[in-house]
Each structure stands twice: as C-alpha cells, then as structure tokens.
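These notes are about the structure you will find just below.
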Amino acid sequence: MNEIETEKLTKVYRGKKTPALIDLTLSVPRGEIFGFLGPNGAGKTTTIRILMTLLRPTTGSARVAGLDVLKNPMEAMRHVGFMPENPGFYSGLSGKQHLRYYASLYGLDRSRFDGHLNEVLQRVGLADAGIRKVKTYSLGMKRRLALAGALLSDPELLILDEPSLGLDPEGMAFVRSLLKELQQDGRTVFLSSHLLGEIEKVCTRVGILHRGKLLRVDAPREISKAFGGRQAVLEVETRNMVPAVLDELRALQGVAQVEVKDNTLRVFGALDDDTVIEVNRKLVAKGVSILSSRRVEPDLEAAFLALTEAKT
Amino acid sequence: MGSPRLLIIAGLLALAVLAGTYALLPSSGGFSGPPAQIPYGFNYYGGLNSSKPGLAILVASPTGNHLQGVEVRLVNITGPILTGEGNYPVLETHLTDSSGWAQFGDLQNLYPDSRLGVILASRQGIIASVLTGSRNQPGSLVTDGGVLAIGTVQLSGASGGTIISLGFADQAGQPQSGADVYYWRLDLGAQLPSPLDAAAPPDGWNQHRVGATDASGYFIHSDPLGPGQYIIRASKGAFNYITVTTVYSSTSSLNSGPDSVLAFSGLFFIPLILPLMALILSYDAIAREKTEGSLDMLLSKPVTRTGVAFGKLAGAFGSMVFPVVAVLLAAVALIWATTLQAPTSGFIASFLVEAIFLLLAYTLLFLAISSLARSLGTALLISLLFFLLFSIFWGVATALIAGLFAPVGSVAWFQIATTMSLSSPTGVYQQLLSQSIQGLNAIGFIGSLGGSAEQQPLIALIVAGLLWLTAPLVLFLYALKYRIAEG
C-alpha cells in the first residue's frame, strides 16, 4: 500500500504567474525512504506543506496513509509525524511541555505520557535539556526537538523537511542511523534535503524536482549512472601511449571525452562495465601498457547538476 | 499566553473602575435618598381683611407619616431672603404636634414691621414667609379661601418618578381635613390655562379626583408620577385652591444612587479599557504563530481548524473574562461596603452581560484580524486602527454625519446617530447599557437626550449585537480554514 500518493498536484500561489508545482504525480510505498531533491524554489516545501494539510493545492489530489488530505485532513494527520524546515516553538515553554502539548493533540494515552516523553527526548539527544525553556535552545537543539515531535506519536509515516539542516556531523550521523532504524521498523519516510551525499546514503528512491516539475524518480544509483556520466572518470596510468587509440576510444559508445596528461589517460563518460572493458581491450590491442586503472564512480550530485542544468 | 500582559491590563482596568467608583461615592457615606422630613409651609392672613398674618408648618415623612416633635423655628429675615444663607435670629421654637403641625400666630402684635420666616431646625431653607406691620399689603395675597402647600420627592434608582404630597389649610392656618384633592396632568411645555384659578379639565374635575386630605389636612399620592405639569386642586366647601407644580424628566445626576455609580464605569471606562484588553491579548494570537512557525506545528497535527479557532477563542476570552467580572463585582462590593446600599441585582446582571458582550465582540474582531493579516506588524496596526475608530472616533463621527441630515439635538438627528452607531460594537454596547439604566438616558458622550421614545428598539440592539458576534467569528473561521491554507 502506498503511504503517499499524489495525482497531478498543481499549485499556483495567489498573485504569482508561475506555478510552484506542475502536475506532480508520485507514490511512495510503505517501507520506503524517499528522498525529495531539488534546488531552492523547486517546490519541495510546497509539496510537503500540501501533504501536511497546511496548504491547499490549486488542482490535483494527495493521499497520505490512504486518506485524502483535502477531504479527511484530521484523520490523515493522525498517521504522520512532521518535522518542518523552520520549526516554531513557544519560547516560554520547555521542550517537554511542547511534547506534552503535541501528545495531547494526538490523543495519546495520558497514563503513559511521562515515560514516553522521556524516551523520545532521550532518543533525539535532549534528555537533559527537556526541562529547559526553548528560548535557551540552540538551533540544533530546536531541530532535535522538532524531530522528537515527529517521532512522538510513533507514526507509520514521517515527513521530514531538511532533517539534517543545522546539525553537526554527529547529529547528521544520528539522523542517518535513525532513518535506517525506522526503515527496519517498517516505517515510511519522506524527506527533502539539499545534502545529496546524505540522501544518497539512506534513500531507497529519490525524486528530483525542478521548477515544480518532477524530472525523475528512481534509486539513487540508477540516477547517478544514467545522468552522472559526464563527470565520471576512468583513470588509467599508461606507458607507451599511442595517440591513434584516442580517437578509437572517443568513438566508443558511452564515452564523452578522452584526454591524456603525462602518462595518465582520462576517459569521461557514462562508463558502464562494457565500456570500460572495451577501453581496456582497445588499449591493449594498440600495445599501450596499463599500469593501473581506476574508476571514479559518478555521484548523485553530478546527476543532479546534470539533470537540472539541462533543464535550465 | 502573555500573562504579564494580562496582569498589566487587568490591573489598569481594576484601577480605573475601582478608583472611579470610589471617587463617585458620596463622602457622607450614604446616598442622599428621599429626605426623612418633608415640610409644608403655609403663610396666611387670618381672614380676608389680612389683619392677622400667621405662619404654619406641617411636617410629614416621604411615606406620609405626620411627624410629631420636629423642631421648627420662627426666624427674622431682614434684608433679602437668601435660602440657606446666614444665621437668622431665632424668635420662637415650636415642636410639631401629634398631627404634624406647628403654628405661629399673633405675629402682627409680636413682631411688627418684619419679614418673618419658618425653617426646620434640622436644615436650612425658608419654608414659608410672611410680612407684618406696614409692610403688609392687604388684598394682594388673598386667595380664594384656602392655602395649599405642595411637597415633591424625586425618587432615584430603577423606578424613578416623583411623589407629590400636599397640605391644605384655610386662611387662618387651620388644617382642612376631608378636602377633595384633584391632579390634572398636562404635558411639559404645554400651555397652561389662564387664569389658573378658573381652570378646569375638559372632562371635568371629578374625573381627576385622587383622594381626600386626612385629619391633618395632609394628602400624599404615593404612586410616583412621570414628567409633566400637574395642576393640583384642593377643595372643601367654600375653600378652593389651585396651584401647579412641574415634574421634569428624571435626569438624575450621576451621584445619586448605587446603580448610577456602577453605570459610570460602564459609560467611561469599560468602552475604552475592555476593547484595549481584547486587543492586547488577541492581536497576535494567530499572526505571531504564523510568523514564528508554531502555527505549522499546530495545524499539522490531527486537529480541525475549527477546533483550533475555538481553542484560541477560549484561551483569549477565557483569560480575560474572569478578571473583568471580578473587577466589576469588586466595584459593586465597594459601593455596598461604603454606602450599605448595592445596585439593583437586575442592573448588575445586565451590566455584566453587556460588558461580556463587548469583550467577546472585540476579541472575535481582533482574532479575525490576526488570522487575516500577513505579518505581526500589520495585525497590530489594523487592530489599533479598528480600536481607535470604534472606541474613540465613532461617537463623534456618527454625531457629525447625523448633523448633515437633521438639526443637531432633534429627534431625527438622535435617531440617525443611534442607528449609525450600531455599526460599531461599542455603539451597540452603549445603547444596551443606557437602556438598562432607566432614568439615566445618557448615550455615551452625546449626553442626556430625550426619553425612551427616541431610543432604538431593544430588538434592533439585540440583532446588531448578534451580528457583531457572528460576523467576526465567521471571518475568523474562514481565515483559518481557507485563507491561511492558500499560501
């Protein structure tokens, strides 16, 4: 069953001509960690706000935990934990008081409140700070509190807008391990991020959003492979380079560029395994000696830049 | 939820209301109710030849008891009679007898060539006076056989009205019992018949008989009478006397009566401080959360927008209503403790309900503004503008605009102004308040004007009040459900 489903979601903000979202259709099955990628202004937060019933789409529909967010918002929100990009708190209340308030909104069992709240605070690393007023919190602490708020009701779906933002490396590692934990638990996570390296490491699938349009949805590796090619490099340390082989290499499918510097041959392109084998074969056939051969894997950032640059 | 704010503004309210109430309380520690003793003075001339001037006093209570043993003084008034000024030389002192009368006779011989007067020992003010000796002008003061002295007592409080009583004696100062008494009412400002002693109502005097004098020549009409000109006649046999007394519209001064003291804060402090209170505590209820991001945290939970709206309303209104009611009840307690009289319970109840209405209407208005405004600063600015407009300028504006259509002070002007003022919650409040104070007839700052015939019908006020509660509420709900979600 799909935890998130959108059907041609479109949003035009009042007074603006350009739509923020255009016909966004995606689905996130249960158990997946879905990463939402896009440059600033792509529409990620807009999408998330629509899913969280904070924003009404101009046209289209969205379902969360199987419930229509426009027709059944209250029920839908019962199944979701939300961490916004800029969480707002009441500066005069403590972290624990906030959680208590949210818990009451979820209708959580009052008899187990205290223990549960402490557990959640511990999980996000705010065990000691829970009783302090939020106005004494650092940015990182506020984000941890927001995360605690998302985890509070033990939801089947978590929607996290920039979860690693403002966290130190330790915090980011924590988020990563938390996400893995959640996935093992059978939860579904929908997160948006700028940190492509982080996304790559944790997400089952990734959707790339650009100017309101969903360009591509796939596993991170597939996307990298498909679009990162221009930046991928095969570095070969050679002796006895034969210039004529360079043209042959250039003619190979998947090869974008070839260059030689000193004794290092660099082949650029969408270098799948077959291409690499062909390169080696051609070199050997021409009598070029290979001392070492190393493939620099394309990464998501490359793919991302390639995809979005192409569309500009 | 801004509890320092609440404390400050509640403190301000308490200070204003209680200090204002205290300032208005009579310093003698009690309200001047109807006087305990009403004197009726008679000057007479012992027969048609005016040779025996005399003075008499009847003293009775407001409820008609003839008061025995009241000290009455005969004084020599030299020079101009100035009521209550100076200490006139006391010539004689008598006590009223069992019928309430004290008589001073043989004045011509005892005090010739003098102007004499009678006063009560307990208070200043010449009740009646007479001339003796060569200053006596026979013939000019002869009446048609009887002498009539009228006493009026103005009642304050919720019922209002005036009680008229009288004493009737003959030309020798002898009380006339069993004389028929007649009251004939004409409107204020109506032309009086002339000559007065030949006057008779169109349907005849018999239709206007209200009773007869008692053994002391005393009559009291104990039902309070409304405004008007009252032609009063007493007659027995050959003795006949007609006089006229006027009862004006009751414009009781604000100092009279516990109801009025409480009403004072309703007229001056409540319409200013309560909306200000509502503003201070509600203007940022939604706007601040929008700006600071906590609204997203709230709305992304399993809550309905309607639930959030009523939660905000309950929070804002609930935190204000208790201090307000407490302060107003404290004012009532203050009045009671100082004067041992409390405002009538019906008035207290309507006063509280009206204040709560005002508070609720403005809370809803500012909540609606808070949810529609794009930023915290805008919310504050718009709220302030509405506060200033409705609470302060609207009264002047409606009076001025009404003045374009009708002469100022006329009935039409008043009606236009009061209809227009319904377009602010403060206007509705002020009119509701003035209608629940009978006899006060003050509409906000416009002042005392006319009687109930010119006021808005109560049903119009109630409808306007309900509109001022529902319209902002609907706007508030709409803003939370749709406007905020539009982005």
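The values are calculated or read from the model by the stated rules, or taken from the named source; none is laboratory data. These numbers come from a predicted model, not from an experiment. Methodologically, a virtual Cβ is constructed for each residue, glycine included, from the backbone with ideal geometry; neighbour enumeration extends over all protein chains shown. Accessible surface areas use protein heavy atoms only, side chains included; no ligands, DNA or RNA. Shrake-Rupley method; radii C 1.70, N 1.55, O 1.52, S 1.80 Å.
Here are a few things to note about the model shown:
- Residue order by solvent-accessible surface for A:GLU162, A:GLU200 is A:GLU200, A:GLU162, largest first, with ligands and nucleic acids left out and a 1.4 Å probe.
- Look at the dipole of the protein assembly as shown built from charges on Cβ: of B:PRO425, B:ALA234, B:VAL325, the Cα furthest out on the positive end belongs to B:PRO425.
- Averaged over A:48-58, number of beta-carbon atoms from partner chains that fall within 10 Å: 4
- Isotropically averaged projected area of chain A, using the convex hull of Cα atoms (one quarter of hull area), nm²: 19.8 nm²
- Check: chain A dipole with +1 on Lys, Arg Cβ and -1 on Asp, Glu Cβ, in debye: 1120 debye
- A simple spin-label model places the labels of B:ALA23 and A:ILE131 4.9 nm from each other, with each point 7 Å out along Cα-to-Cβ.
- A:LYS96, B:LYS236, A:LYS11, A:LYS133, ranked by accessible area, largest first (probe 1.4 Å): A:LYS133, B:LYS236, A:LYS96, A:LYS11
- Per-residue HN-Hα couplings for segment A:9-19 [Karplus 6.51, -1.76, 1.60; θ = phi - 60°; Hz; x = Gly/Pro]: 6, 10, 9, 10, 6, 4, x, 9, 8, 7, x
- Solvent-accessible surface (1.4 Å probe) assigned to B:PHE393 amounts to roughly 120 Å².
- Accessible surface of segment B:307-376 [probe 1.4 Å, protein heavy atoms]: carbon and sulfur percent: 79 percent
- Sum of -39500 (n - 2.57) over DSSP H runs of 4+, divided by residues of the protein assembly as shown (222 nm, nearest 500): -12000 deg cm²/dmol
- The heavy atoms of A:ASP274 offer some 110 square angstrom of accessible surface to a 1.4 angstrom probe.
- Cα centroid separation, segment B:383-436 to segment A:150-202 (Å): 61 Å
- Additional length obtainable on full extension of the chain from B:SER222 to B:GLN68, 0.36 nm per residue less Cα span: 53.4 nm
- Only Cα sites of segment B:272-381 enter the Debye sum here, all with the same form factor; the resulting log10 I(q)/I(0) across q = 0.12, 0.24 1/Å is -0.51, -1.26, listed in q order.
- Ignoring lysines fewer than eight residues from A:LYS282 along the same chain, the ones with Cα atoms less than 25 angstrom from its Cα are A:LYS225, A:LYS261.
- In degrees, nearest ten, helix A:113-123 long axis to first principal axis of chain A (Cα): 20 degrees
- Estimated FRET transfer efficiency (B:GLN207, B:THR246; beta-carbon r; R0 30 Å; 0.05): 0.90
- Whole-Å semi-axes of the ellipsoid equivalent to the protein assembly as shown (Cα gyration tensor, √5λ, descending): 99, 24, 19
- Cα-based reach from A:LYS16 at 17 Å (exclusive), listing aspartates and glutamates while leaving out same-chain residues under 8 positions away: B:GLU486
- A:ASP273 accessible area, 1.4 Å probe, all protein chains in place, Å² to nearest 10: 90 Å²
- Charge dipole (the protein assembly as shown, unit charges on Cβ, about Cα centre) - positive-most of B:LEU116, B:TRP336, A:TYR13: A:TYR13
- Ordering A:VAL236, B:VAL411 by accessible surface, largest first, gives B:VAL411, A:VAL236; the 1.4 Å probe counts only protein heavy atoms, with every chain in place.
- Buried accessible area, chains A and B (both chains, 1.4 Å probe, Å² to nearest 100): 2100 Å²
- Sites B:ALA215 and B:TRP336, calculated FRET efficiency, Cβ-Cβ separation with R0 45 Å, nearest 0.05: 0.65
- At 1.306 mPa s and 10 °C, Stokes diffusion of segment A:43-161 via Kirkwood alpha-carbon radius, µm² per second: 106 µm²/s
- Using the Cβ-Cβ distance between B:ASN109 and B:ALA198 with R0 = 35 Å, the FRET efficiency computed as 1/(1 + (r/R0)^6) comes to roughly 0.45.
- Cα gyration tensor shape of segment A:108-150, rounded if a/c is under 1.5, else prolate or oblate by comparing a/b with b/c: prolate
- Cα lying deepest toward the dipole's positive end in segment A:154-263, options A:VAL217, A:PRO243, A:PRO163, charges on Cβ: A:PRO243
- Here, segment A:124-226 yields an orientationally averaged convex hull projection of 7.7 nm² when only Cα atoms define the hull.
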